[in-house]
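Nothing in this text is a laboratory measurement; each read-out follows from the coordinates by a stated rule. Model, not experiment: these values are computed from the prediction. Note that each Cβ is placed from the backbone with ideal geometry, even for glycine, and that neighbours are counted across all protein chains shown.
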Amino acid sequence: GAAEFVAVRVVHADGAPAPGATVIQEGHVNAHPGASLHGRFLESRSETDGEGRAELVQFPGGQSLHAELRGFASRPWQGVANREIELVLGETCSLGGALSLPDWSGWDPTWQGERRVVLSGLGDGSWRPLGVERDLEGSQWGPISVPLAGVRRIRVRFEGIPIVPVEKEIDAPAPGSNVRIDLATEIGQGVWFEVSNGAGEPVLDVREVAL
């Protein structure tokens, strides 16, 4: 069928339109029936027009959208868009650091997953996504521009098979700060599941969710 589009409007904190802002669209895996396990690898970028608007092709199963402009960034919006999405630019800090990865040369590559750093912010009593860096293999992560509007605490989580997840939390730094957070982890143990129905027959089409 015809492609569906996502309409985005980027504004400054005072509500004024933000022409020339870059809108970054990334796929993500969620519970939506149209979601693809490979959807998280989709990415698209678009620049806003003179009224701060941009239009992108909607990814199957939903997407994450955020905007950047000259050192300012919006908080990510996630979901399946059925209306115009407004992204509000605000002040940022920069996070990054060293990665210390274990030796997993003996791990079956069939069961290796993506290693990623996931950033969350605590503001109004709940944790909300601030950003993610995916497919980490080297000795460094970041720097990531992190939106600070309404954020009091920041959680940095390093996760992905076959490593043991590690988390660090910091108070939200001053706007414009460059903060180094080094992350070290160990190799984990495999956990195996067999899912069956009421008749004892194996269920093959199952989505695994790791917490």
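Does a label point 7 Å from the Cα of S94, set along Cα-to-beta-carbon, have any residues of the range 114-146 with amide nitrogen under 14 Å, and which are they?
Within reach of a label on S94: 141-146.
Report, by chain and number, residues whose modeled amide H sits under 5 Å from the one on A149, excluding near sequence neighbours (fewer than 5 apart, same chain).
E91
Could you check the spin-label model distance between K168 and E84? Points 7 Å from the Cα along Cα→Cβ, value in nm.
Between K168 and E84, the simple spin-label model gives 4.2 nm.
I want the local charge near Q78. Using Cβ-Cβ distances under 11 Å, sum +1 for each Lys or Arg and -1 for each Asp or Glu among the other residues. Kindly include the intermediate steps, with their values, before the conclusion.
Working: positive: R75, R128; negative: E26.
Around Q78, the surrounding residues sum to +1.
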